[in-house]
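**Q** Below is the structure I would like to discuss, written out as C-alpha cells.
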Amino acid sequence: MTVNEDSFTNWKNREEIAESMIPMIGKLHRERDVTVLLHSRSLVNKSVVSILKTHRFARQIAGAELSVTETLPFVQALTTLDLGPSQIDVGMLASTYKEDDRGLSVAEFTAEAVAGATGANKIDRREPRDVVLYGFGRIGRLVARLLIEKAGSGNGLRLRAIVVRGGGDRAAEDIVKRASLLRRDSVHGQFQGTITVDEDNSTIVANGNAIRVIHADDPTQVDYTAYGIRNAILIDNTGKWRDREGLSKHLRPGIDKVVLTAPGKGDVPNIVHGVNHDTIKPDEQILSCASCTTNAIVPPLKAMADEYGVLRGHVETVHSFTNDQNLLDNYHKSDRRGRSAPLNMVITETGAASAVAKALPDLKAKITGSSIRVPVPDVSIAILNLQLARETTREDVLDHLREVSLTSPLKRQIDFISAPDAVSSDFIGSRHASIIDAGALKVEGDNAILYLWYDNEFGYSCQVVRVVQHVSGVEYPTYPSPAV
C-alpha cells in the first residue's frame, strides 16, 4: 500500500469512528443534559469533519497526538453511567488517563473522574429559566442564537421574548425583518436551524422555540407576566442605560435580574466570567458583563499576574468597526468616530483598561489603554504590554499560557493558537473570550507583550451567556475538574 493509500484508509477509519460518536454525544446531551467537550470545545451537534478537525486542533495546542480512536472509549464509557447535567471533557480524560499508572480500565477511570456527576452525587435537571432580550442588534441576535442552540438541554435557559422599538401598523413587517436578520448574518453566516414567523401572535419560532416579539419604546411600558414570563433574566443589549438607576427601569413584573452587555457605571458590578463571576451576590439584581475588550484582556492578565506578577501594563486594541460609527463622514458626538468607518483607521478611547480594576481588584498594577478602530467588520486584537515582577523567557510564558488554556479554570476564556499564518478572519465564531497568538508573543527579561485575538461579537456573546447561566443557577459543573 502506498503512502497516499495508507493516509486515505486511515482517514476513512477515523471518519467512521467520528460518525459512531455523533449519536452517543447527541443522546447524552438530549436526554441527560451532558455536554461532551474536547479541550473545552463542544462536540454537540458537530459533523464528522468538525469532530475530526477539533481533534486536530486539540493536538496543535496540546502538543501531543490525540485521535478519535483515543477519545471514543471515553464517550462509550459515559453512555454507561448514570450521569446528571454536566460538561465532560473527553480530551482531558484521554490526556490524564495516559499519565495514570494505576492500571485502571477506561471505564473505571472515567467513572472515577466524573463521580461528582453520577449516582447520588448528580444534580437534578432543572426547570429552564426564562430569558428576555431587550434590544435585538448585533449582540442581541448572537445571544439569541446561543440560547436557541442550547434550548432544552445543556444550560437550562429558555428565550421567551425579545423587546424592540416600533410596532404599530407595521408590526408584522417588523417581525419578519427581525426574523430575517436572525436567520442570515453577513459575518456569522446562516442560522443553524429553522425559523418561521407567526405574525398573528407576534412570535418567531426558532427550532421549535416560541419567542414573543414585544414592541415597546420604554422599559416601563411592559408587564412581562402578561406574556406568561416569570422570574426572568433580562439582557439589555441597547447600552442606553448603564447605571443602577437606569437599569432598574427593567425590574418590571416578571423580571428578576438585569444583565447589561456593556460596561456598567457607578456601583454596577462588572463581571468577567471565569475571573470574578463567583463574587456576584445571590441577591444582586443588576450587573454588567463589561466590554468585549475587557473580557479579552482580563483572563490573560490574571494568568500572567498569578504566575509572574505584574507591575504595570498598557493595552492597545485594534478593534473592528461597530454600528456606532458612520459609514460615510457625518456628525458624531465623539471625536473622530464621525469619519467613515470602512475607509479609515480611527483613533478612539477604550474604557477596558480602567475596567480591569473592577474585575481584578487585587491587581495593584496600573494599566493604561488606547484603541484604534479599523476597517474590518468583526474580530479584534489586543496588544498587552506588561512589565512583570520577575524575569522569564518566551518558552516559559508559552508553556504557562498553553497549560492555562488546556487545564485551568480559565480554559473556556483563553484559547491558544500557534498557526504561523493566522489572521483576524480565522477567529470569527470563536467561543473563547481571548485567543493567545503564540507566534506573535514577545518576551525579554521582565517585559512580555501578548497578542490577543478576540471575536468581539460572538466570543463576547458566549461570555454573556455564561454569566447568565451562573446567575440563573444552571451553570453545570465540568469534569474532570480544572486544576486550580
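**Q** Consider only pairs whose beta carbons are under 7 Å apart and that are at least six residues apart or on different chains; among these, list those whose first residue lies in segment 293-322 and is closer than 10 Å to residue 386 by Cα and whose second residue is part of a helix (DSSP H, G or I) and β-branched (Val, Ile, Thr).
**A** Pairs that qualify, where the first residue is closer than 10 Å to residue 386 by Cα and the partner is part of a helix (DSSP H, G or I) and β-branched (Val, Ile, Thr), are 301/356; 315/297.
**Q** Condition first: of a type in the set (Lys, Arg) and either modelled with pLDDT of 90 or more or in a loop (DSSP other than H, G, I, E, B) (or both). Now tell me which residues in segment 339-365 satisfy that.
**A** Selection gives 339, 364.
**Q** Let me ask something additional. Give 17, 22 a once-over and let me know the one that is among the hydrophobic types (A, V, I, L, M, F, W, C), farther than 25 Å from residue 150 by Cβ and at pLDDT 90 or above.
**A** Within the list 17, 22, the selection yields 17.
**Q** Still on this structure: Kindly check whether there is at least one residue in segment 418-433 that is among the acidic types (Asp, Glu), within 22 Å of residue 322 (Cβ to Cβ) and touching a Ser or Thr at 6+ places or on another chain (Cβ under 9 Å).
**A** no
**Q** Another question, then. When residues of segment 72-108 are filtered for being surrounded by fewer than 19 Cβ atoms within 10 Å (Cβ to Cβ), touching a Lys or Arg at 6+ places or on another chain (Cβ under 8 Å) and more than 14 Å from residue 36 (Cβ to Cβ), how many remain?
**A** Of the residues in segment 72-108, 1 are surrounded by fewer than 19 Cβ atoms within 10 Å (Cβ to Cβ), touching a Lys or Arg at 6+ places or on another chain (Cβ under 8 Å) and more than 14 Å from residue 36 (Cβ to Cβ).
**Q** List the pairs whose first member sits in segment 180-204 and is free of Cβ contacts under 8 Å to residues at least 40 places away in the same chain and surrounded by 11 or more Cβ atoms within 10 Å (Cβ to Cβ), whose second member is of a type in the set (Phe, Trp, Tyr) and in a loop (DSSP other than H, G, I, E, B), and whose Cβ atoms are under 7 Å apart, counting only residues at least 6 apart or on separate chains?
**A** 183/191
**Q** Then there is this: Quickly run through segment 92-115 and pick out the residues that are modelled with pLDDT of 90 or more, among the small types (Gly, Ala, Ser) and out of contact with any helix residue (DSSP H, G or I) (no Cβ under 8 Å at 6 or more places or on another chain).
**A** Within segment 92-115, just 105 meets the criteria.
**Q** Consider segment 362-372. How many of its residues are closer than 17 Å to residue 307 by Cα and out of contact with any Gly (no Cβ under 7 Å at 6 or more places or on another chain)? Explain how you work it out, then say what you get.
**A** Residues of segment 362-372 closer than 17 Å to residue 307 by Cα: 362-365.
If we keep only those that are out of contact with any Gly (no Cβ under 7 Å at 6 or more places or on another chain) as well, we get 362-364.
Number of matching residues: 3.
**Q** Sort through 275, 259 and tell me the only one that's aliphatic (A, V, I, L, M), out of contact with any strand residue (DSSP E or B) (no Cβ under 7 Å at 6 or more places or on another chain) and under 17 Å from residue 466 (Cβ atoms).
**A** Every option except 275 fails the conditions.
**Q** Considering only segment 349-365, state which residues are surrounded by fewer than 16 Cβ atoms within 10 Å (Cβ to Cβ) and touching a strand residue (DSSP E or B) at 6+ places or on another chain (Cβ under 7 Å).
**A** 349
**Q** Within segment 214-272, how many residues turn out to be surrounded by fewer than 17 Cβ atoms within 10 Å (Cβ to Cβ) and on the phi > 0 side of the Ramachandran plot?
**A** The number of residues fulfilling the criteria is 4.
**Q** Also: Here is a list: 69, 35. Which entry is hydroxyl-bearing (Ser, Thr, Tyr) and either modelled with pLDDT under 85 or surrounded by fewer than 20 Cβ atoms within 10 Å (Cβ to Cβ) (or both)?
**A** 69
**Q** Quick one: how many residues across segment 442-474 are under 11 Å from the mean Cα position of the chain (by Cα) and not in a helix (DSSP H, G or I)?
**A** Narrowing segment 442-474 to residues under 11 Å from the mean Cα position of the chain (by Cα): 454-467.
This time we only want the ones that are not in a helix (DSSP H, G or I), so: 454-457.
Result for segment 442-474: 4.
**Q** Name the pairs: first residue in segment 403-421 and closer than 20 Å to residue 476 by Cβ, second residue of a type in the set (Val, Ile, Thr) and buried (at least 23 other Cβ atoms within 10 Å of the Cβ), Cβ to Cβ under 6 Å, at least 6 apart or on different chains?
**A** Between residues of segment 403-421 that are closer than 20 Å to residue 476 by Cβ and residues that are of a type in the set (Val, Ile, Thr) and buried (at least 23 other Cβ atoms within 10 Å of the Cβ), the close pairs are 410/404.
**Q** Can you go through 425, 472 and tell me which one is hydroxyl-bearing (Ser, Thr, Tyr) and within 30 Å of residue 338 (Cα to Cα)?
**A** 425
**Q** Going through segment 193-232 one residue at a time, which ones are acidic (Asp, Glu) and closer than 20 Å to residue 172 by Cβ?
**A** Residues of segment 193-232 that are acidic (Asp, Glu), as a first pass: 198-200, 217-218, 223.
Within segment 193-232, 198, 199, 200, 217 meet the criteria.
**Q** In the list 398, 386, which residue meets the criterion of being more than 22 Å from the chain's Cα centre (by Cα), over 19 Å from residue 316 (Cβ atoms), touching a residue at least 24 places away in the same chain (Cβ under 8 Å) and not in a loop (DSSP other than H, G, I, E, B)?
**A** Numbers: 386 fails: over 19 Å from residue 316 (Cβ atoms).
Going through 398, 386 in turn, the sole match is 398.
**Q** A further question follows. Which of the residues that make up segment 114-164 are part of a helix (DSSP H, G or I), surrounded by fewer than 19 Cβ atoms within 10 Å (Cβ to Cβ) and hydrophobic (A, V, I, L, M, F, W, C)?
**A** Result: 115, 120.
**Q** Looking at segment 259-299, which of its residues are touching a Cys at 6+ places or on another chain (Cβ under 9 Å) and aliphatic (A, V, I, L, M)?
**A** Result: 259, 260, 262, 271, 272.
**Q** May I ask you to verify whether residue 421 is acidic (Asp, Glu) and either at pLDDT 95 or above or not assigned by TED's automatic domain parsing to the domain that holds residue 395 (or both)?
**A** Answer is no for this residue.
The values are calculated or read from the model by the stated rules, or taken from the named source; none is laboratory data. Keep in mind that this is a model prediction, so the values were computed, not measured. Backbone-built Cβ (ideal geometry, glycine too); neighbour counts: all protein chains shown.
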